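Have a look at the structure below, then the notes.
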Amino acid sequence: MEENLDAAIESLLNVEKQMRLAGDVAGTKKAALDIVELCYKARAWKTLNDQIVLLSKRRGQLKQAVTAMVQKAMQYIDDTPDLETRIELIKTLNSVSAGKIYVEIERARLIKKLAKIKEDQGLIAEAADLMQEIAVETFGAMAKTEKIAFILEQVRLCLDRQDYVRAQILSRKISPRVFDADASKEKKKPKEGDNIVQEAPADIPSLLELKRIYYELMIRYHSHNNDYLEICRSYKSIYDIPSVKEDPAQWIPVKVLRKICWYLVLAPHDPMQSSLLNSTLEDKNLSELANFRFMLKQIVTMEVIHWASLWETYKDEFENEKNLLGGSLGPKAAEDLKLRIIEHNILVVSKYYSRITLKRLSELLCLSLQVESNILFPCSPLSILDEMVKDGFALEAEKHLSDMVVSKALVAKIDRPMGIVCFQRAKDSNDILNSWAMNLEKLLDLVEKSCHQIHKETMIHKAVLKA
């Protein structure tokens, strides 16, 4: 059997040589494919690897023959008898296609298969390194959806190995606007000389499915940095996908909306957060979540929120999130929620007060507590402990206020000896110039009035002297 195979391959190699030297593309391709198919039918995997390398290295080998041979051999990868043979065939095809631009797409698919095998073996770092060798964004003939799927796989492996910096770099290769392209538009016919874009394989998800995967990965990345606003925007983008709303079994819109509400409250106050907050309040599905609607209205309304009562109302909801879609809100979420309520209360105070004492500010921020017993300091009088506690909470209020001033959320000055905070309205350059112009105008009016009064007194005295 083996002798017959060797004889058949030898005769086909002679035919291939004649066709190649004659420049016959179709004949060379057929001879190369016949050799590959013959080895496959005989289940001679080592011979198949050897013949693929031999054919690719032959002098003046035609590009079309190498491409057809690699594509044909790729169909046999799943039919290999064991994992070792499969890896050997993939590595052989990878070495043949390396450095050849006309089989770059096939090489990318081979690397993806090899990375999948490495991942199944638990070698996440090796799989990630393999995938990062390929820069599919430069492949003009690869389908857009296949490019996006490949880059998303690179991002996922980087997140699995906790390489967040590289994950961010790779994710920036995908513009979110690409998911909003209208797939229903007819594809333009390629002009003469343009690269013909290949069709994506059947296992590549649709553009909307890729959009969902992309934002799920972004949620994982931003969760590492506790960037609540970006997590909220990612959930919002998932919530707006039509397939999510149509498939309540997998993605319950109300549960996604819960996450959006929580992360909106956890996000620091800024224009983007305010815009998302108001747009979410207008959502019709929010009527099914009365508690969350009330919480968002509290945040929007410029009134002081009592932290203790808020936490008592929503503590159970907060704890239940870890059992729902997306898991828990993060290890620091409870602390950050309290911090956001304090920041909200400071903004409210700055709107209604121009000057306020730190002691009163700490009371409004719900930072003041009464000491009921002198457990910590048994020898200290209760009044002294009260003063110590109040001073401590005043310092905490000062810290939160200072952080907001540094982040330019508001403008304020603290008189520490007097313990007074002075709030000021932030002025832009136009307001400052207008105030200067008004001050100059007032000054000139006063000068003019003074000159008029002097002139009037002079005229009166002159009339008295003449009389």
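If you plug the beta carbon distance of LEU281 and ALA202 into 1/(1 + (r/R0)^6) with R0 = 51 Å, you get a FRET efficiency near 0.75. The string of couplings for region 264-281 from the Karplus curve (6.51, -1.76, 1.60, θ = phi - 60°) is 5, 5, 6, 6, x, 6, 7, x, 5, 5, 5, 5, 5, 4, 5, 5, 5, 4 Hz, one whole number per residue in order, with x for Gly and Pro. Apolar share of the accessible surface for region 253-349: 51 percent from carbon plus sulfur atoms, 1.4 Å probe.
Within the set (i) 30.8, 117; (ii) 21.4, 66; (iii) 36.4, 148, the number that Rg and Dmax of the Cα atoms in Å takes when calculated for this structure is listed as (iii). The largest accessible area among THR145, THR80, THR313, THR458 belongs to the first residue in THR313, THR458, THR145, THR80, and the rest follow in falling order (1.4 Å probe, all chains). Per residue, the chain exposes 60 Å² of accessible surface when a 1.4 Å probe is rolled over the protein heavy atoms with every protein chain present. Here the label points at LYS173 and ASP24, each 7 Å from Cα along the C-beta direction, are separated by 4.2 nm in the simple model.
Gain on full extension, evaluated as 0.36 nm per residue between LEU444 and LYS408 minus their Cα-Cα distance, stands at 9.4 nm.
Each residue of region 36-49 is assigned a 3J(HN,Hα), and the resulting list reads 5, 5, 5, 5, 5, 5, 7, 6, 8, 6, 5, 4, 4, 4 Hz, derived from the Karplus form 6.51 cos²θ - 1.76 cosθ + 1.60 (θ = phi - 60°), x at Gly and Pro. Relative to the globular-protein estimate of 2.2 N^0.38 Å, the Cα radius of gyration of region 253-349 stands at 1.01. Across the accessible surface of region 1-100, with the other protein chains kept in place and a 1.4 Å probe, carbon and sulfur atoms take up 49 percent. Pairs exceeding a 22 Å alpha-carbon distance, out of LYS112/LYS255; LYS100/LYS211; LYS91/LYS144; LYS351/LYS408; LYS211/LYS259; LYS413/LYS442: LYS112/LYS255; LYS100/LYS211; LYS91/LYS144; LYS413/LYS442.
Computed about its Cα centre, the charge dipole of the chain is approximately 1620 debye, with only Lys, Arg, Asp and Glu carrying charge at their Cβ. Straight-line cross-link partners of LYS449 among the lysines, defined as a Cα under 21 Å from its Cα and at least 8 positions apart when in the same chain: LYS462. For the listed peptides 332-344, 151-163, a ranking on the average number of other beta carbons within 10 Å per residue, highest first, reads 151-163, 332-344. Taking every DSSP helix (H) stretch of at least 4 residues in the chain, weighting each as -39,500 (n - 2.57) and dividing the sum by the residue count yields a mean residue ellipticity at 222 nm of -21500 deg cm²/dmol.
Net charge dipole, region 1-100: roughly 620 debye, given to the nearest 20, about the Cα centre with Cβ charges of +1 for Lys and Arg and -1 for Asp and Glu. Need the C-alpha centroid separation for region 275-320 versus region 30-108, integer Å. Result: 61 Å between the Cα centres. Distance between the 7 Å Cα→Cβ label points at CYS451 and ARG59: 10.4 nm. Residues TYR40, TYR352, ordered by accessible area of protein heavy atoms at a 1.4 angstrom probe radius and largest first, appear as TYR352, TYR40. Its Cα centre serving as origin, region 35-151 has a Cβ charge dipole (Lys and Arg +1, Asp and Glu -1) of approximately 540 debye. Annotation: amide H-H contacts under 5 Å for VAL411 (H modelled 1.01 Å from N, sequence separation of 5 or more, or interchain): GLN424, ALA426.
For ASP203, the accessible surface of its heavy atoms amounts to roughly 130 Å² (probe 1.4 Å, protein chains only, rounded to the nearest 10).
With the simple spin-label model, which puts each label point 7 Å out from Cα in the Cβ direction, the GLU317 to ARG355 separation comes to 4.1 nm. From most to least packed by mean Cβ count within 10 Å, the peptides 57-67, 257-267 give 257-267, 57-67.
Measuring r between the beta carbons of ARG43 and GLN71 and using R0 = 22 Å, the FRET efficiency lands at 0.65. Computed from the C-beta positions of ALA181 and THR138, the FRET efficiency with R₀ = 22 Å rounds to 0.65. Packing-based ranking of 113-125, 215-227 yields 215-227, 113-125, ordered from highest to lowest mean Cβ neighbour count within 10 Å.
The values are calculated or read from the model by the stated rules, or taken from the named source; none is laboratory data. All values derive from a computational prediction rather than experimental measurement. Note that each Cβ is placed from the backbone with ideal geometry, even for glycine, and that neighbours are counted across all protein chains shown. The area values use the complete protein model at the heavy-atom level, side chains included, leaving out ligands, DNA and RNA. Shrake-Rupley method; radii C 1.70, N 1.55, O 1.52, S 1.80 Å.
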